[in-house]
Structures are given as structure tokens and as C-alpha cells.
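Below is one structure, written out as C-alpha cells; comments come after it.
The values are calculated or read from the model by the stated rules, or taken from the named source; none is laboratory data. Being a predicted model, the structure only gives us computed values, none of them experimental. Here Cβ is always computed from backbone atoms with ideal geometry, including for glycine, and neighbour counts include all displayed protein chains. Just the protein is used for accessible areas: all its heavy atoms, side chains included, with ligands, DNA and RNA removed. Shrake-Rupley method; radii C 1.70, N 1.55, O 1.52, S 1.80 Å.
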Amino acid sequence: MRNITEIRVPELGDFADVGVIEILIKPGDDVALEQSLIVLESDKASIDVPSPVAGRIVSVELSLGGRVSTGGLIATIETAQAKAPEATPAHPAPAIAPQPVAGNVDCDVLVIGGGPGGYSAAFRAADLGQRVILVEREATLGGVCLNVGCIPSKALLHIAAVKEEAERLSQHGVSFGAPSIDLDKLRGFKSATVGKLTDGLKAMAKMRKVDVVRGTARFADATAVHVDLHDARTRRITFAKAIIAAGSARVHLPFLPRDPRIVDSTGALELPFIPERMLVIGGGIIGLEMATVYSALGARIDIVEVADKLLPDVDRDVVAIWRKRNAHRFDNILLGTRVESVEATPEALVVKTGGEGAGEHCYDLILQAAGRRPAAEALDPAAAGLNINAQGFIEVDAQMRTTSPTIFAVGDVTGNPMLAHKAVHQAHVAAEAATGAKGFMDAKVVPSVAYTDPEIAWVGVTEDSAKAAGRTVKVARFPWAASGRAIANGADYGQTKLIFDADTHRIIGGSIIGPSAGDMIGEICLAIEMGADAVDIGKTIHPHPTLGETIGMAAEVAENTCTDLPPTSKK
């Protein structure tokens, strides 16, 4: 007697009507356990759906381009007679079946923190066959980056960029009426952007059978944590391995009074109102991005920065281009200046500053963007035998192992730069190392991007840092005033700058300022990782006309072969 079993779409979380973009089987095909049957495409990612059993396909019950939901019929399959019918669930398991838990512990891998580092570690460990528990204190996955940081800020920065680009079109013959700003709709757009991504993470956690526990964890020892659950109960979780991805917390300046008109980046993203005058404390990426948003909405901005320049890690010539382009946004950029006191009166926030920009000013809103600190101490790391350095970071090796053999750490808690993309790469390494694989964090560089208008992206050695270290380098600049695409796009102020080692001629750094700088910096990262020199980059054919070809042209400048600029004098 034939044993015919239905294969159905596994749990897709909150997704419904997901598109079928690939069918990998046909009637008569023999398939193995967990062999991919179809590929679905959600708003978040492409999803392989595996077979929950081995056997021969009898029929395929869906079509390419169709749409399916959880429980939808994929195919029927003939399985071996020895397979008991009840062993096949009505709704098959997700792609990665959990492996037996090691020993008498609750999970193979415990992940603390659900941000980019945390969910990436959890998902990778699950993909490697581990039983995973992820502890996250908030109601949704994604951490600061997705919920109250990178993603919502980019949604608002997109709105700001489109608004200001539309206004600039009047110089070229296309004029619009004065914009009308609806803060409720702006907030709704931002929240919808975040919601689409958090829903995707929730669904992918379910697909991988990652057990998400809402609460705050602290170590009991090197094999267990106590979790203060969101419903006020406490749960003890034991583990074979743990990965810390607890992230960072914003720095609160102690001299600032508690007042709703004084906000951090999270509060600023809530768009409480559009101030007439706004002070941004801190001239780093977060401060300048939020200044861009509020300026586009109509606020006049002052910036106070204790250092002698904005964006201290960026070369001065690049920052000078940015400042010239953004001069219209600011009434004052007070460098070498510190805030000494703030008095909250009913009429305004009265700020006294000291240093080079000493004075007194009144504001309607203050954003404190003075940096972040690692969130390690709240985990009670000493109980697990973890070493914390003087800056509060957890010490790790190239496999993200801590001083405890059972515990790994990734992301902001391990050191600067505190960037989501660094955390994700570390998370993959940690998950692989925790399961016995030989993954290492051996990336040479980590890029940074300020998503302002214009964008600034940089990576590796800068001209300023090379000079400070006494390192001999060759600097090549390609001005976008010689780029046809940049001129056509109104971006002829931009620049691509490459830094080469004077002895090896290999590229060791670079920066870009202009539209889509963040999208282009990856090529420079890859060139550094691959040990490319100026000839390698310059002889790589880039499409024309593009902004990206300015990278190749800058390399040609280094080799004195660029024909898009006036000839250089022969030495």
C-alpha cells in the first residue's frame, strides 16, 4: 500500500500571500530529508522550504508566481512504508530541525540581545542545527538599530533628502509649492518601515524555531543566566554556550535637567514637534543626521562639539566640503566648546557654553548625542568569569571567545566601532565557533557612513591618521566636478579620495562625499581586503556615466593615467 503524505508550507509568522519564486521539484523526483522544495520571497528575505520527509514526489500543487500562506499545500510525496503516518505533522517543521540538546541544559546556544548581532547569531546557530534561546528585553527583535536607531533615522533622512532635492529643482526649471508637513503621517511612515522589518524578524525566528524569551538576563555562572521576565517572573536558563550581544546604551550628560524638551536620539526620532531653534550636543554621526532631519523640517540648528572638528574620524578636507554644503542649516557650529549648564524655563532652554564658543543661547529643543557606552555591566559579567577592560568592553579573541570557555561576545560590547554591520559579521563568527566550526573575525577594515546630505563614507586609514602615525602614503583625489553623472545630478561638489601605502602601493583607505557614498564604499572595502593596488582598481572597468566610476578615476589619478582631469606636470 502506498504511503502518500502531504507537504505543507511551514509557519511563516505574520506573513501571508508570500510569492513563489522558484519550484525545485517535479513529479517523480526523489527528494532527501530537508532537501529544498520551493523558494518563497517575503518582504524580508528569500526563504527555502525543505522537505520534512524523504521520498518520491507524486504531485506538485502550486505554480511559479503563485502566492501561498502558512499551511498551504506544496506537494504530495510517497514515503517509505516503515514511516508511520502520524510521524508527518500537518504543518511541517521549519527548514532547520533542532538537534538534541547537549547534556541536561535548556539550550545549545543562548543569545543575550536581539539586535543585529543577536538575531544574526541566533539565526546562524539555528541554521547550524543548534537549539537556540534568544533573550531580548523589548517586545520586538531588531535592537536599537532597527527600532530606534539606524532604520527609523534613515526613513526620516529619506524624507528630508527628497524634500530638499525637490526644492533645489527650482534652479533647473521645476518648481513646487511650499511643502505641508504632517508630523503624524511622518511618524506613521517611520513606524511602518520599522514594523515591516520587525515582523520579518519575528517570522524568521519562528521558521528557525528560535525560542525568543522577553526579559533581561544576568549571569548566574558560566553555564546559566537568571532572566527577569517582562511579566515580573524570574526564569533560570542553562546553556552549553552563550553569545552576548547586549549592545550599548546612550550616554546621559549629568548636568542636563530632566525636561521633555531635552531628548536623546530615541526621543528625537519621535518627532515631538518642530522647534524654531534646536541645539545638538555632539558633532558625530548621530548628531549630524538628526540635525539634517530637523533642519529639513524647518528648524534652525546650533551644534556644540568639544573637539576641534566635526566627525573626528574623517579627514579635514572631506569635512570642509560637508560644512560648505551644509552652511545653510546652521546658525552656529561651536567647536572646542562645552555645555556648562542648562536652565529649563517655561519659555526656553537657556544654555551656557564655555570654551571657544562661550556664551548664552536659548533653544526650544536640545538633542544630546554625546555618544554611547557598552551595556555589559548589567549582565553581572564577573559571575561568569568575564574580563571587562577599562572602557567597559568585554575582551574577546578572533573567534569572539571571552575569557570564559563557554561564552562568546559580539557587537558593541566588544569595542569600537559600534556599528551594526560589524556586529553581524562577528555574530556569524561566534555562532560558527560555538558549534565547532573554524570561523574567525579577520576583516581588515570596517566602513563607516554618515547618512547626512551629502553622505560621507570612509574606511581604513585616513590622510590625517597616516600623518599622525608618521606613515608615508600616497593620496589620490578625484573631484566630482569632472564627473558627468555628478554634474547632471547637481553633485559636482563631491569627491572620491583614495589612500595608498607608499611602499607597497596597495590601497589602505578611502573616503567618498556625495550622494550614495554609503552604497559605493563597499568597493573600496573589497579592494583593501583583497590587497588591490591602484592599477588593479583603475583597470577595473566601471560603467559610465556613474558616480561609482570616480573610484576607478581616483585610482588612475594615483597612477597619473587619468584622462578626465588636466594633465599633471611631469617631474
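Which residue pairs have Cβ atoms closer than 6 Å, lie 6 or more positions apart in sequence or on different chains, and pair a first residue in the stretch 264-285 that is touching a residue at least 60 places away in the same chain (Cβ under 8 Å) with a second residue that is of a type in the set (Asp, Glu)?
Listed by first residue and then by second, the contacts come to Pro275/Asp364; Glu276/Asp364; Arg277/Asp364; Leu279/Asp302.
Quick one: which helices (runs of 4 or more DSSP H) sit completely within the stretch 500-571 and have at least 3 residues that are of a type in the set (Gly, Ala, Ser) and open to solvent by less than 40 Å² (accessible area, probe 1.4 Å)? Please lay out each step first, then the result.
On the way: elements: 517-529, 534-538, 549-558.
Of the helices (runs of 4 or more DSSP H) lying wholly inside the stretch 500-571, those with at least 3 residues that are of a type in the set (Gly, Ala, Ser) and open to solvent by less than 40 Å² (accessible area, probe 1.4 Å) span 517-529, 549-558.
Tell me which strands (runs of 3 or more DSSP E) are completely within the stretch 443-486 and hold 1 or more residues being among the hydroxyl-bearing types (Ser, Thr, Tyr), or say none if there are none. Can you show your working first?
Working: elements: 448-450, 456-460, 473-479.
The qualifying strands (runs of 3 or more DSSP E) are 448-450.
Restricting attention to strands (runs of 3 or more DSSP E) lying wholly within the stretch 180-261, give those where 3 or more residues are in contact with a Gly (Cβ under 6 Å, 6 or more places away or on another chain). Walk me through it before giving the result.
Numbers: elements: 211-221, 224-229, 234-244, 248-250.
Filter on the stretch 180-261 gives 224-229.
Can you tell me which residue in the stretch 118-149 is nearest to Ala192 (Cα to Cα), limited to those that are open to solvent by 50 Å² or more (accessible area, probe 1.4 Å) and not charged (D, E, K, R)? Full working, then the answer.
Restricting attention to the stretch 118-149, the residues satisfying the condition of being open to solvent by 50 Å² or more (accessible area, probe 1.4 Å) are 124, 127-128, 131, 137-140, 144.
Subsequent filtering for residues that are not charged (D, E, K, R) retains 128, 139-140, 144.
Working: Leu128: 32, Ala139: 16, Thr140: 14, Val144: 16 Å.
Among those that are open to solvent by 50 Å² or more (accessible area, probe 1.4 Å) and not charged (D, E, K, R), it is Thr140.
Go through (1) free of Cβ contacts under 8 Å to residues at least 12 places away in the same chain; (2) more than 18 Å from Val449 (Cβ to Cβ); (3) out of contact with any Leu (no Cβ under 8 Å at 6 or more places or on another chain) one by one and return the number of the condition Pro179 breaks.
(1)
Assuming Ser265 fulfils every condition listed in (1) surrounded by fewer than 20 Cβ atoms within 10 Å (Cβ to Cβ); (2) closer than 25 Å to Arg187 by Cβ; (3) of a type in the set (Ser, Thr, Tyr) apart from one, which condition is it?
Tallying (1) surrounded by fewer than 20 Cβ atoms within 10 Å (Cβ to Cβ); (2) closer than 25 Å to Arg187 by Cβ; (3) of a type in the set (Ser, Thr, Tyr), Ser265 fails exactly one: (1).
Could we say that Ser170 is within 24 Å of Leu12 (Cα to Cα), of a type in the set (S, T, N, Q) and open to solvent by 50 Å² or more (accessible area, probe 1.4 Å) here?
It is false that Ser170 is within 24 Å of Leu12 (Cα to Cα), of a type in the set (S, T, N, Q) and open to solvent by 50 Å² or more (accessible area, probe 1.4 Å).
With respect to Gly355, determine if the residue is on the phi > 0 side of the Ramachandran plot and at pLDDT 95 or above.
Here the answer is yes, as Gly355 does meet what is asked.
Here are Ala245, Ala232: which of them is open to solvent by 10 Å² or more (accessible area, probe 1.4 Å) and either under 19 Å from Gly149 (Cβ atoms) or touching a helix residue (DSSP H, G or I) at 6+ places or on another chain (Cβ under 7 Å) (or both)?
Answer to the selection: Ala245.
List pairs: first in the stretch 204-224 and modelled with pLDDT of 95 or more, second of a type in the set (A, V, I, L, M) and open to solvent by 60 Å² or more (accessible area, probe 1.4 Å), Cβ under 6 Å, 6+ apart or cross-chain?
If the second residue must be of a type in the set (A, V, I, L, M) and open to solvent by 60 Å² or more (accessible area, probe 1.4 Å), the pairs left are Ala205/Val212.
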